[in-house]
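The structure appears below as structure tokens.
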Amino acid sequence: MFSSTLLLIVISYVLLYVSWVHVIIPTFLSPLSKIPNAHWSASFNPFWMLWVRWRERENRTIHAAHVKHGNIVRLGPKEVSVSSVDDGIRVIYGGGFEKWPWYENQFNNFGVPCMFSMSRSKPHSARKRMISNIYSKSYLQSSPEVHTIAKVVIFDRLLPRLASLSSKQEAVDVLHMHMSSTMDMVTAFLFGLGNGSNFIQDLKAGQEWFTIYQSRRPFRFWDGELPWMKTLSKKLGFPLSPPFVAEATNWIETWVTERCQAAQTWTRSVKEQPTDEPRTPAIVFDHLTNTVSGTAEDKSLGPPNLQIASEVQDHLAAGHETSGIALTYLYWELSRHPALQASLREELLTLSPPLKLPANKADPGLLSPRAVDSLPLLHAILMETLRIHASIPGPQPRLTPYPPVSVAGSPPLDPGIRISTQPYSLHRNADVFPDPEVWKPARWLEPNEKKKAEMMKWFWAFGSGGRMCIGSHLAMQGL
Ligand code: HEM
């Protein structure tokens, strides 16, 4: 009798303690309790958000919560989403909040971090300083090597393929075609023309690459959100990620290693072996090889050869997918707006030399990137496509720092909270972008400078702050 009463007291005490720590404090007493919940359970358990993410409904669900509750919403016991600029992204991303480990869990390659996945700010800024110059607008616009790459990919590969498809009236998988051209462009920039891919012409190789690369996608949830469950399930003998996922990763890493080796060998022998084929140096690979030195900081990130391989693998992934998606949406929108298509064609034909398959194949001539950059309608179409169909539309999670900071009107937030903003919501602010769901390039031709500046302030397709996209100029030039 006595022991059962004691047991009851212990159980009640434990229940009370658990409710106090995991329900009462987070729901009523923590600073986060002042923030509206996106879901009734959000204050005391993370399952609702995990379920949303598992079903791949994250962006729309978070956006609906912002529409309902305002610029800041609570997504979980220790997670918030913010959708504002001055007291939002400027504080979080401009303030250099460190990345949530979600990045390391999903985006390390060869078992070592790359610039994109590094959590800590210090090694990240060192790496970014190393390579920013070769991704700068001035470098890209003036580099003869980049010019040659664009010439070969566009005139020797893409335009002839389009001409052949058109003459045979053949259907084409547009996403695959765009990813092929962006892969060819990015890998030539990374490894040198000749060492990169040629998926525009070698369709089978491209198909194999993209199939293997994308086969891992459905299992990414476990890496990003519940890596411990993935490890545990493997130990217990019922892996949540089937063996082919690891095999696909090995396959991709081997492919990248081979490209790195080719770039290294070719760079050494380039002067002795001139060739008729247009070749360019491995701009990014060479630059990384010269700069990733054996400093103490570098060693903590892994062996230099793996650091370089991890970095270039990330660039080719970041570069081909994002730009391929943007181009596909751009074509799709243009296909639904024939009048705009005609206006764009007119604008493009004002360029000299004109962008069409050249009669003189030996010297096609290439548009000056500066001239292309200054076409207002083309620019408006790109901006509007990236606004409504941002290639990375979802949350970019960071970690609140110490000492506590307040964001978007919240009370000071404890350190270690997952905090994010998503382009999907910023780009749908109806006060800044009226009719936000409508693809309307004309909004970017707005003569009112104040309105235009406000739109630019809210445009966040490439992120902002120290971790902003390094490839934004390459992407805009490529698109
Ligand atoms: C339309 C095309 C592109 C879009 C919309 C885009 C978007 C973004 C965004 C939003 C980020 C920040 C992500 C975050 O912090 O979570 C990012 C980072 C990054 N992007 Fe891009 N990107 C594009 C093209 C490219 C290209 C062509 C490359 C390189 C070849 C590239 C390389 C990178 C890298 C290396 C980072 C990490 C930068 C850092 O951590 O400092 N991206 N990109």
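The values are calculated or read from the model by the stated rules, or taken from the named source; none is laboratory data. No experiment lies behind these values; they were computed from the predicted model shown. All Cβ positions, even for glycine, are placed from backbone atoms using ideal geometry, and neighbour counts span all protein chains on display.
For (1) buried (at least 22 other Cβ atoms within 10 Å of the Cβ); (2) more than 11 Å from the ligand (Cβ to nearest atom); (3) more than 19 Å from residue 34 (Cα to Cα), each residue gets a yes or a no:
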{"position": "388", "(1), (2), (3)": "no, yes, yes"}
{"position": "404", "(1), (2), (3)": "no, yes, no"}
{"position": "411", "(1), (2), (3)": "no, yes, no"}
{"position": "425", "(1), (2), (3)": "yes, yes, yes"}
**Study point:** residue 328, sole failed condition from (1) of a type outside the set (D, E, K, R); (2) part of a helix (DSSP H, G or I); (3) over 22 Å from residue 474 (Cβ atoms)
**Key:** (3)
Check your understanding: Between a first residue in region 177-206 that is under 14 Å from residue 155 (Cα atoms) and a second residue that is of a type in the set (Asp, Glu) and crowded, with 24+ Cβ neighbours inside 10 Å, which pairs have beta carbons less than 8 Å apart while being 6 or more apart in sequence or on different chains?
Key -> 198/184; 200/184
Check your understanding: How many residues, within region 49-74, are farther than 24 Å from residue 431 by Cα and touching a helix residue (DSSP H, G or I) at 6+ places or on another chain (Cβ under 7 Å)?
Key -> 4
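Do you know which residues across region 207-245 are among the β-branched types (Val, Ile, Thr), under 30 Å from residue 160 (Cα atoms) and free of Cβ contacts under 8 Å to residues at least 12 places away in the same chain? Write out each step before concluding.
Quick first cut of region 207-245, residues among the β-branched types (Val, Ile, Thr) only: 211-212, 231, 245.
Subset that is under 30 Å from residue 160 (Cα atoms): 211-212.
211, the sole residue that qualifies.
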Review point. Inside region 204-228, can you point out the residues that are farther than 20 Å from residue 310 by Cα and exposed (fewer than 15 other Cβ atoms within 10 Å of the Cβ)?
Key: 204, 205, 207, 208, 211, 218, 228
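Residues to consider are 461, 475; find the one that is hydrophobic (A, V, I, L, M, F, W, C), within 16 Å of the ligand (Cβ to nearest atom), closer than 21 Å to residue 396 by Cα and modelled with pLDDT under 90.
Working: 461 fails: modelled with pLDDT under 90.
Among 461, 475, only 475 is hydrophobic (A, V, I, L, M, F, W, C), within 16 Å of the ligand (Cβ to nearest atom), closer than 21 Å to residue 396 by Cα and modelled with pLDDT under 90.
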Revision key, fill the gap. Screening 164, 125, 136, 132 for residues that are at pLDDT below 95, among the small types (Gly, Ala, Ser) and touching a His at 6+ places or on another chain (Cβ under 7 Å) leaves only 136
**Study point:** Looking only at region 96-123, and only at residues there that are in a loop (DSSP other than H, G, I, E, B) and among the aliphatic types (A, V, I, L, M), the one that is nearest to the ligand (Cβ to nearest atom)
**Key:** 115
Point to revise | Positions within region 253-305 being modelled with pLDDT of 90 or more, out of contact with any strand residue (DSSP E or B) (no Cβ under 8 Å at 6 or more places or on another chain) and of a type in the set (D, E, K, R), in sequence order | key: 258, 259, 286
Review point. In this structure, is residue 397 surrounded by fewer than 21 Cβ atoms within 10 Å (Cβ to Cβ) and either under 28 Å from residue 127 (Cα atoms) or without any contact (Cβ under 8 Å) to a residue 60 or more places away in the chain (or both)?
Key: yes
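Taking region 79-95 on its own, how many of its residues are buried (at least 17 other Cβ atoms within 10 Å of the Cβ) and assigned to a loop (DSSP other than H, G, I, E, B)?
So in region 79-95, the residues buried (at least 17 other Cβ atoms within 10 Å of the Cβ) come out as 79-85, 88-89, 91-93.
Imposing the further condition that a residue be assigned to a loop (DSSP other than H, G, I, E, B) reduces the set to 83-84, 93.
Residues flagged as buried (at least 17 other Cβ atoms within 10 Å of the Cβ) and assigned to a loop (DSSP other than H, G, I, E, B) within region 79-95 amount to 3.
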Exercise for review: Run down 376, 436 and say which single residue is more than 16 Å from the ligand (Cβ to nearest atom) and over 30 Å from residue 180 (Cα atoms).
Suggested key: 436
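Just name the residue that is surrounded by the fewest Cβ atoms within 10 Å (Cβ to Cβ) out of those in region 126-143 that are near the ligand (Cβ under 10 Å from one of its atoms) and of a type in the set (Lys, Arg).
Step one: filter region 126-143 for residues near the ligand (Cβ under 10 Å from one of its atoms), giving 127-128, 131-132, 135.
Retained after the next criterion (residues that are of a type in the set (Lys, Arg)): 127-128.
Numbers: 127: 24, 128: 17.
Across region 126-143, the extreme among qualifying residues is 128.
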**Study point:** Selection within region 50-72 - within 22 Å of residue 405 (Cβ to Cβ) and either without any contact (Cβ under 8 Å) to a residue 24 or more places away in the chain or assigned to a helix (DSSP H, G or I) (or both)
**Key:** 62, 65, 66, 69
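Condition check: within 22 Å of residue 292 (Cβ to Cβ), surrounded by fewer than 16 Cβ atoms within 10 Å (Cβ to Cβ) and out of contact with any strand residue (DSSP E or B) (no Cβ under 7 Å at 6 or more places or on another chain). Does residue 164 satisfy that?
no
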Check your understanding: Do any residues in region 85-96 that are more than 15 Å from residue 423 (Cβ to Cβ) have Cβ atoms under 9 Å from those of residues that are basic (Lys, Arg) and more than 14 Å from the ligand (Cβ to nearest atom), where the two are at least six apart or on different chains, and which pairs are they?
Key -> 86/457
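Please verify whether region 138-155 includes one or more residues that are assigned to a helix (DSSP H, G or I), touching a Gly at 6+ places or on another chain (Cβ under 7 Å) and either among the hydroxyl-bearing types (Ser, Thr, Tyr) or touching a residue at least 24 places away in the same chain (Cβ under 8 Å) (or both). Spell out how you get there, then give the answer.
Just the residues of region 138-155 that are assigned to a helix (DSSP H, G or I), to begin with: 138-142, 144-155.
Narrowing the set further to residues that are touching a Gly at 6+ places or on another chain (Cβ under 7 Å) leaves none.
No, the conditions are met nowhere in region 138-155.
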